[in-house]
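The values are calculated or read from the model by the stated rules, or taken from the named source; none is laboratory data. Model, not experiment: these values are computed from the prediction. Note: ideal-geometry Cβ built from the backbone for every residue, glycine included; neighbour counts use all protein chains shown. Accessible surface areas use protein heavy atoms only, side chains included; no ligands, DNA or RNA. Shrake-Rupley method; radii C 1.70, N 1.55, O 1.52, S 1.80 Å.
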Amino acid sequence: MVRNLNQLKRELRCGTRFEIIGHCRTEYIGQLRRVTLANTACFYSVVDGQPEHLVSRANGGKGFALWWGKASCWEFHDGLCSAYGEGQEHTEQNLLMSFRIMEEDS
């Protein structure tokens, strides 16, 4: 289980799948995503199995990016990884995205 940002950066690599549990854009809640690229600045993800989806076509096929930001922008609880706006209180109104990393056999 991921407990901090450093562990998350090690965990999210190309091919890792995750489910969006909460998002600032409600239409993305429930999406299954797959990481296409993770680097020192951010990670990119596409909608798993949907190459023609708007999200999957973004950034030349790398998908949408979520910037790592500072460790203080993140919260980790019961397997849920949540990113909030920098310098903002960790409330539902300031949530960027919450997700759960899926096990490899899922």
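For A71 and Q50, the difference between the fully extended length at 0.36 nm per residue and the C-alpha to C-alpha distance is 4.5 nm.
Just the number please: accessible area per residue for the chain, 1.4 Å probe, all protein chains included, in Å². Provide the component values of the computation, followed by the final result.
Values: 6390 Å² over 106 residues.
Ligands and nucleic acids excluded, the figure is 60 Å² per residue.
Report ³J(HN,Hα) in whole Hz for each residue of region 83-95, in order, from the Karplus equation J = 6.51 cos²θ - 1.76 cosθ + 1.60 where θ = phi - 60°; Gly and Pro get x. Going residue by residue, I get 10, 10, x, 4, x, 9, 5, 7, 10, 4, 5, 9, 5 Hz, with x marking Gly and Pro. Helical runs assigned H by DSSP (4 residues or longer) give the chain a calculated mean residue ellipticity at 222 nm of -3500 deg cm²/dmol, each run adding -39500 (n - 2.57) before division by the residue total. When only the Cβ of Lys, Arg, Asp and Glu is charged (+1, +1, -1, -1), the dipole of the chain relative to its Cα centre reaches about 420 debye. Go through (1) 1.35; (2) 0.99; (3) 1.17 and flag the label whose value is the computed Cα Rg over 2.2 N^0.38 Å for this structure. Among (1) 1.35; (2) 0.99; (3) 1.17, the one derived from this structure is (2). Couplings for region 65-82, taken from phi via the Karplus curve 6.51 cos²θ - 1.76 cosθ + 1.60 with θ = phi - 60°, read 9, 10, 6, 5, x, 7, 4, 5, 7, 10, 9, 10, 7, 6, x, 9, 10, 10 Hz in order; Gly and Pro are left as x. Coupling constants for region 19-36 follow from the phi torsions by the Karplus curve (6.51 cos²θ - 1.76 cosθ + 1.60, θ = phi - 60°), and in residue order they are 10, 7, 9, x, 7, 5, 10, 4, 5, 8, 5, x, 5, 9, 10, 10, 6, 9 Hz; glycine and proline get x. Other residues with beta-carbon under 14 Å from the beta-carbon of C14 carry, at +1 per Lys or Arg and -1 per Asp or Glu, a net charge of +4.
Taking amide H as placed 1.01 Å from N in the peptide plane, the amide H of L37 sits under 5 Å from that of Y44, each at least 5 places away or on another chain. Each peptide among 38-46, 6-14 gets the average number of other Cβ atoms lying within 10 Å of its residues, and from highest to lowest they stand as 38-46, 6-14.
State the three equivalent ellipsoid semi-axes of region 44-85, derived from the C-alpha gyration tensor as the square roots of 5 times its eigenvalues, in descending order and whole Å.
Numbers: eigenvalues 126, 32, 7 Å².
In descending order the semi-axes read 25, 13, 6 Å.
Close amide-amide hydrogen proximity is noted between H23 and S98, each under 5 Å apart and 5 or more residues distant or on a separate chain (H modeled in the peptide plane; Pro and chain starts excluded).
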